[in-house]
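Chemist: Quick one: the structure is below, questions incoming.
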Amino acid sequence: MKEKLLLHVCCGPCGTHSISVMKEKYDVTAYWYNPNIHPYGEYEKRLDSANIVARNLEVPLIEDDYEVENWFDQIKGFEEEPEGGKRCTICFAMRLKKTAEYAKEHGFKYVTTTMTISPHKNAELINKLGQFHCKNNGVKWIDSNFKKKDGFRRSVEMSKEMGLYRQRFCGCFYSRNPEGNNQEHQKNKDKQE
Ligand code: SF4
């Protein structure tokens with residue numbers, strides 16, 4: 001019998017190859033917690049993609065809350081950081097902490113994330129943060145670097161086969177529009193209020 005793995009999925013395209021690989025060894029449940037995706041319409045598009053992948057690969061997908069205000073609180077003071085800087089470290093940590101907590105509460109033995117498939121993300125840092133939060137919650141982190149062994153190329157192929165929406169920016173307002181990000185975020189907030 002396979003052990004239960006909670007796999008944090010950051011978007012559908014990153015889920016494709018990563019879920020396939022982990023399914024070979026584990027009983028995988030995909031876990032969606034990504035309050036870093038803005039605006040809400042973009043969040044919905046990516047969640048739809050993740051659901052398509054989960055259906056295609058026959059794994060359950062758990063959708064957790066869109067705690068967007070909490071995300072903005074956490075990254076406060078680091079808005080202007082370049083991609084790959086401190087804002088991203090906080091963003092990774094927030095999502096991995098929540099994933100580890102969920103795994104503990106719901107009896108998952110193992111945890112990892114699809115985020116390491118991205119050529120733009122620091123897999124070593126993500127693995128360190130994952131190890132830290134899993135240790136704090138008494139669950140086991142599995143180190144990954146899904147982009148290796150042609151993993152990223154395979155994820156692009158699988159995304160095309162499944163007809164997935166493929167985003168052109170990481171997720172937050174700041175990654176979409178590094179020049180005028182604050183104005184755009186403010187406009188969006190004004191519309192929501
Ligand atoms: S660029 Fe990506 S990883 Fe960095 S803070 Fe924005 S959404 Fe998070």
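Chemist: Output yes when any residue across region 69-77 is surrounded by fewer than 19 Cβ atoms within 10 Å (Cβ to Cβ), within 12 Å of the ligand (Cβ to nearest atom) and within 14 Å of the chain's Cα centre (by Cα), and no when none is.
Modeler: Scanning region 69-77, I find no residue that is surrounded by fewer than 19 Cβ atoms within 10 Å (Cβ to Cβ), within 12 Å of the ligand (Cβ to nearest atom) and within 14 Å of the chain's Cα centre (by Cα), so the answer is no.
Chemist: Right, here's the next one. Could you check region 129-181 and list, in sequence order, the residues that are within 16 Å of the ligand (Cβ to nearest atom) and over 17 Å from the mean Cα position of the chain (by Cα)?
Modeler: 177, 178, 179, 180, 181 - these are the residues of region 129-181 that are within 16 Å of the ligand (Cβ to nearest atom) and over 17 Å from the mean Cα position of the chain (by Cα).
Chemist: Do you know which residues across region 129-163 are assigned to a loop (DSSP other than H, G, I, E, B), buried (at least 20 other Cβ atoms within 10 Å of the Cβ) and among the hydrophobic types (A, V, I, L, M, F, W, C)?
Modeler: Matches in region 129-163: 139, 146.
Chemist: Could you tell me which of the residues 159, 155, 144 is closer than 23 Å to residue 49 by Cβ and in contact with a strand residue (DSSP E or B) (Cβ under 7 Å, 6 or more places away or on another chain)?
Modeler: 144 is the lone residue from the list that is closer than 23 Å to residue 49 by Cβ and in contact with a strand residue (DSSP E or B) (Cβ under 7 Å, 6 or more places away or on another chain).
Chemist: Then there is this: Return yes when residue 24 is modelled with pLDDT of 95 or more, away from the ligand (no atom under 13 Å from the Cβ), loosely packed, with under 15 Cβ neighbours inside 10 Å and among the charged types (D, E, K, R) and no when it is not.
Modeler: Taking the combined requirement at face value, the residue satisfies it.
Chemist: Taking only region 96-128 into account, find how many residues are buried (at least 23 other Cβ atoms within 10 Å of the Cβ) and within 16 Å of the ligand (Cβ to nearest atom).
Modeler: 8
The values are calculated or read from the model by the stated rules, or taken from the named source; none is laboratory data. Not measured: the values here are computed from a predicted model. Counting neighbours? That spans all protein chains shown, and the Cβs are built from the backbone with ideal geometry, glycine included.
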